[in-house]
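What follows is one structure encoded as structure tokens, with my remarks underneath.
Coordinate-derived values only; no laboratory data. Everything numeric in this text was worked out from a predicted model, so none of it was measured. FYI the Cβ positions are ideal-geometry reconstructions off the backbone, even for glycines, and counts take in every protein chain you see.
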Amino acid sequence: MRTVRNVHERVIEAPAATVGALIDRISADDDPLSPGPAWPAIRFDRPLGVGADGGHGFVRYAVGAYEPGRSVRFDFAPPENGYHRIDIEPLGPGRCRAVHVLEQRPSLRERILWTLFIRPMHDVYVEELLDNMERAATGRLRRPAARWSRWVRLAHRLVWDRPEAVGVPEGAHLARTAFDRTDFSDAWRLPLEPGMDRDPRAWRDVLPFPVRAVEGDELLLGEDASHLDFRASLLVGERDVTLTTVVRTHNRRGRLYFALVRYVHPVMARLMLRRTHRALALAAPSAAERHELPSGLSSPSVPSGGPSAERRAQ
């Protein structure tokens, strides 16, 4: 098996100590580097340090080596092999080089997946991480990463999280009290990445129906008809968003109609929640655009998405 070696580097006009302090915040609540929420956040089961286990999305790894302020190495979880690492190299009193290296010895199948599918996404992911590093360290971005290609957008859409079935949340008060009698209910949930909009009104495009009510973290949509009434609730918490549907039928026609629709409904509910979830993630500002700079100044305020979001959309 031949070794895959992938290298990205960036010269940053900031002291190595300033940039190195940023890698010490990887996976923390104020992580300024992880290129989310367009990509899954880097998360570990404990603070950054040797032995911390986690990853981002379907990529799993553990911290194999860590020199605070200088270097961190992530070892891929078995049965995978290899690692990826970030190193900060001083180039002078106010300049440094950030280097990201991935090395792995993949099987033939893994090499094909890497070449056609994973590498295009990996390259964009790492360049956006370096964008965040430069912006957080200097307050500006001289040369942004390349815009997303059509292939990257397609691959990104294919690997996006899929909703899981859950019970109707206790906090979904509007859904639970919408009708005096409920003939059908279901609920689908997706995790929220740091930086995604927590205002339930931002999620109203999940379904093209009138807004019935907004209460706290919950938005209620729905329509009434002669054969049945339905309500769709969006409950937006700190960690996840849940789409709940409740239905009340009025007569035989309504029962017959929904007997057919109920087989299509879960597919459409998952699809529309996932589509809106991804759209809001892509439109959000990057981590560096959201967090404060080391000097205590604030990153540029871009309420409806920053430069990173503009590059993804093009």
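Observations on the structure shown:
- One decimal place: the segment residue 9-residue 45 gains 10.2 nm when fully extended, by the rule 0.36 nm per residue minus the C-alpha distance.
- Unit Cα scatterers, Debye sum, the stretch 164-280: log10 I(q)/I(0) for q = 0.11, 0.21 Å⁻¹: -0.33, -1.18
- Principal axes of the stretch 4-159: Cα extent on each, largest first, Å: 46, 36, 27
- Hydrodynamic radius of the stretch 58-101 per Kirkwood, over alpha carbon pairs, in Å: 11.5 Å
- Hull volume in cubic angstrom per residue (convex hull over the Cα atoms of the stretch 154-221): 131 Å³
- Using a Förster distance of 22 Å, the FRET efficiency for residue 75-residue 17 (Cβ separation, nearest 0.05): 0.25
- Taking only the Cα atoms of the chain, the radius of gyration and Dmax are 22.6, 79 Å.
- About the centre of its Cα atoms, the stretch 164-280 shows a dipole size close to 540 debye [charges on the beta carbon of Lys, Arg (+1) and Asp, Glu (-1) only; nearest 20 debye].
- Across every direction, the projection of the convex hull enclosing the Cα atoms of the stretch 1-76 has a mean area of 6.2 nm².
- Here the stretch 142-181 is treated as a sphere whose radius is the Kirkwood value from Cα pairs; by Stokes-Einstein at 20 °C and 1.002 mPa s it diffuses with a coefficient of 147 µm²/s.
- Of interest is the spacing of the C-alpha centroids, which for the stretch 1-21 and the stretch 136-210 amounts to 32 Å.
- Taking 0.36 nm per residue of separation and subtracting the Cα-Cα distance, full extension of the segment from residue 240 to residue 143 would add 31.5 nm.
- Angle in degrees between helix 150-159 and the longest Cα principal axis of the chain, rounded to the nearest 10: 60 degrees
- Positive-end ranking of 174, 76, 42 along the dipole of the chain, with charges on Cβ about the Cα centre, is headed by 76.
- Rounded tilt (10° steps) of 119-138 against the dominant C-alpha axis of the chain: 70 degrees
- Our summary gives the chain a relative contact order of 18 percent, counting only alpha carbon pairs under 8 angstrom and 6 or more residues apart.
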